[in-house]
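J.: Just dropping this structure here.
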Amino acid sequence: MNKLLTIGEAANSLGYSIDTLRRWDKSGRFSAVRQTKTGYRHYPVSAIETFSKNLDKFRIAKHWAKSKRGFEPLPCYFCSDSFVFQSRLLRLERDLMEHEETFDFSSLLLAIIGEIGNNSFDHNLGNWPDIAGIFFSYDLDKKKIVLADRGQGILKTLRKVRPGLNDNKKALRVAFTEIISGRSPEHRGNGLKFVKKIITNSKMKLFFQTGDAKIHLKNKPEFKVDIDKNPIIGCLAKIEF
Amino acid sequence: MKLNLKKFGTILTSRQLGKEALLAFQPNLREISDKEELEVDFKGIISLSPSWADEFLRPLFIKYKNRLILKNTNNLSVKETLSFLEKIGGFEFNKNS
């Protein structure tokens, strides 16, 4: 069944305002369906998904990750559990082959996407603040991958092994640069250090944000954490290649 | 004993799935004699990352040390993951690529 969303829900799922959707409806850019009884604008989920293909997925993901009230992203971007994520990784692998990316590059790209996406599930299992699951989208023509979650964020999960950590900036730095030795009960791994190693030795670029702390990584040794005035809940990542 | 890792999938990146893979393989490990080698073959693997490998390979290394032999490790993500685990763990896998 093709579910209908209200204009408010549709606007939220795309990260735009209701006024913008009204404008798009009037101009014919993105037409609503009107139910005759009420005259209110509604949008079929499949139409929103199709329309969203030409929008900036990073903007959609960031809006989702920073919204005060949690809601499920559009089904085409939502992995409600790690098994859905795993099956979409397999689909990405097939698409990378069709896109004629080299096997070596694809294997590394899948490894870092797998680390970032699975980190969200591993560190939030049973502890998701509102929406359990991740946002995952890829556009191989634009060479962009976006992942996001509304989990606890790095600071809260790292505090279990580093109780002294008190802000997102320090937590992000530890997660990407310091080896966490020994087996902790929380099983905080060293996956983001691996991601950093791969990015800094490749043509890929990574943006990563947790809370109000963000980094831009590329094939240079510098590691600078900045503050974003639009904090998010959980984590947000964009890989460009 | 030989193990084709591909039996657990071709994209091995999840900690949870690595843990489950080891649990599923545990009964087979009882059949390994004291001096027998365990050969883990990476042929057919598309992508490996440290979270999966940390749950599956590290416990095998702790138990079998040099009797754990890793074969066909030329895939770039396999190479990078093994070298990363070696670096953070301070050990070296016995590789026969």
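The values are calculated or read from the model by the stated rules, or taken from the named source; none is laboratory data. Model, not experiment: these values are computed from the prediction. We place every Cβ from the backbone using ideal geometry, glycine too, and count neighbours over all the protein chains shown. These area figures cover heavy atoms from the full protein model, side chains too; ligands, DNA and RNA do not enter into them. Shrake-Rupley method; radii C 1.70, N 1.55, O 1.52, S 1.80 Å.
J.: As an exercise, identify the trypsin sites (Lys or Arg not before Pro) in segment A:186-241 lying in DSSP coil whose Cβ has no more than 11 other Cβ atoms within 10 Å.
T.: For trypsin sites (Lys or Arg not before Pro) across segment A:186-241 that sit outside H, G, I, E and B with at most 11 neighbouring Cβ atoms in 10 Å, the list reads A:203, A:224, A:229.
J.: Tell me what chain B gives for mean residue ellipticity at 222 nm when only DSSP H runs of n ≥ 4 count, each as -39,500 (n - 2.57), the sum divided by the residue total, rounded to 500 deg cm²/dmol.
T.: Here the helix-only value at 222 nm equals -15000 deg cm²/dmol.
J.: Among the trypsin sites (Lys or Arg not before Pro) in segment B:1-40, which ones are in a DSSP loop with at most 14 other Cβ atoms within 10 Å of the Cβ? Mind listing them?
T.: Details: sites: B:2, B:6, B:7, B:15, B:19, B:30, B:35; in loops: B:30, B:35.
When the trypsin sites (Lys or Arg not before Pro) of segment B:1-40 are filtered for loop state and at most 14 Cβ neighbours within 10 Å, B:30, B:35 remain.
J.: If you roll a 1.4 angstrom probe over the protein chains with everything in place, what fraction of the accessible area of the protein assembly as shown belongs to carbon and sulfur, to the nearest %? Numbers along the way, then the final one.
T.: Working: 8000 of 16260 Å².
The C+S portion of the solvent-accessible surface of the protein assembly as shown is 49 percent.
J.: Still on this structure, I have one more. Within segment A:30-122, which GluC sites (Glu not before Pro) sit in a loop by DSSP and count at most 12 neighbouring Cβ atoms inside 10 Å? Mind dumping the intermediate values first?
T.: Values: sites: A:49, A:93, A:98, A:100, A:101, A:115; in loops: A:100, A:101.
Those satisfying the criteria are A:100.
J.: Dipole magnitude of chain B about its Cα centre, charges +1 at Lys/Arg Cβ and -1 at Asp/Glu Cβ only, in debye to the nearest 20? It would help to have the intermediate numbers written out before the result.
T.: Numbers: 16 positive and 12 negative charges, 14 e Å.
With Lys and Arg at +1 and Asp and Glu at -1, about 60 debye.
J.: From the protein chains alone at 1.4 Å, what is the descending order of accessible area for B:34, A:212, A:56, A:149, largest first? Don't skip to the answer; put the middle values down first.
T.: Values: B:34 135, A:212 50, A:56 80, A:149 5 Å².
In descending accessible area the options line up as B:34, A:56, A:212, A:149.
J.: Can you sort B:33, A:27 by 1.4 Å-probe accessible area, starting with the largest? Mind dumping the intermediate values first?
T.: Details: B:33 60, A:27 85 Å².
Largest accessible area first, the residues go A:27, B:33.
J.: Additional query: Could you provide, to the nearest whole Å², the per residue accessible area of the protein assembly as shown with probe 1.4 Å?
T.: Result: 48 Å² of accessible area for each residue.
J.: Rounded to the nearest 5, what % of the DSSP beta bridges within the protein assembly as shown are antiparallel ones?
T.: Working: 33 of 45 bridges.
Antiparallel: roughly 75 percent of the beta bridges in the protein assembly as shown.
J.: While we're looking at this one, here's another question. Placing +1 at every Lys and Arg Cβ and -1 at every Asp and Glu Cβ, with all other atoms neutral, what dipole size does the protein assembly as shown have around its Cα centre, in debye to the nearest 20?
T.: Once rounded to the nearest 20, the dipole reads 940 debye.
J.: While we're here: Quickly estimate the mean residue ellipticity at 222 nm for chain A, helices only: each DSSP H run with n ≥ 4 gives -39500 (n - 2.57), and the total goes over all residues, rounded to 500.
T.: The helix-only estimate for chain A comes to -13000 deg cm²/dmol at 222 nm.
J.: Please arrange A:99, A:42 by accessible surface area, largest first, computed with a 1.4 Å probe and ligands excluded. Display every interim value, and only then the final one.
T.: On the way: A:99 70, A:42 25 Å².
The ordering from most to least exposed comes out as A:99, A:42.
J.: Here's something else I'd like to know. Can you tell which of B:61, B:42, B:25 shows the greatest fluctuation in a Gaussian network model of chain B with Cα springs below 10 Å?
T.: B:25
J.: How big is the accessible area of residue A:105 in square angstrom, nearest 10, if you roll a 1.4 angstrom probe over the protein chains?
T.: Estimated to the nearest 10 Å², residue A:105 gives 30 Å².
J.: Related question: Pairs A:57/A:196; A:193/B:95; A:62/A:142; A:156/B:6: which are spaced more than 29 Å apart, C-alpha to C-alpha?
T.: Correct reply: A:156/B:6.
J.: Would you mind telling me which residue in B:28, B:66, B:74 has the biggest mean-square fluctuation in a Gaussian network model of chain B, where springs connect alpha carbons within a distance under 10 angstrom?
T.: B:28
J.: Between residue B:95 and residues 5 or more places away or on another chain, which pairs have amide H atoms under 5 Å apart, with H built 1.01 Å from N, and which residues are they?
T.: Under 5 Å from the amide H of residue B:95 lie the amide H atoms of B:70, each far enough along the sequence or on another chain.
J.: Follow-up question, since we're still on this one. Place +1 on the Cβ of every Lys and Arg and -1 on the Cβ of every Asp and Glu in chain A, take the dipole about the Cα centre, and give the residue among A:202, A:70, A:89 whose Cα lies farthest towards its positive end.
T.: The one lying farthest along the dipole's positive direction is A:70.
J.: Something else: How much accessible area is lost when chains B and A come together, counting both sides, with a 1.4 Å probe, in Å² rounded to the nearest 100?
T.: Counting protein atoms only, the buried area is about 2300 Å².
J.: Considering the options B:78, B:44, A:127, tell which one lies farthest towards the positive end of the dipole of the protein assembly as shown, charges being +1 on Lys and Arg and -1 on Asp and Glu at the Cβ, about the Cα centre.
T.: Working it through, the farthest residue towards the positive pole turns out to be A:127.
J.: Which residues of segment B:30-49 bury at least 50 Å² of accessible area once all protein chains are present, versus their chain alone (1.4 Å probe)?
T.: Residues losing area: B:46.
J.: Other chains' Cβ within 10 Å of B:73-82 residues: what's the mean?
T.: Details: counts 0, 1, 5, 9, 13, 2, 3, 8, 6, 0.
Per-residue shielding by partner chains comes out at 5.
J.: Another question, then. Which residue, A:77, A:16, A:40, has the most motion in a Gaussian network model of chain A that connects Cα atoms within less than 10 Å?
T.: Greatest mean-square fluctuation among the candidates belongs to A:40.
J.: Using the Cα centre of the protein assembly as shown as origin and beta-carbon charges of +1 (Lys, Arg) and -1 (Asp, Glu), tell me which of B:1, B:17, A:38 is placed farthest towards the positive end of the dipole.
T.: So the residue furthest toward the plus end is A:38.
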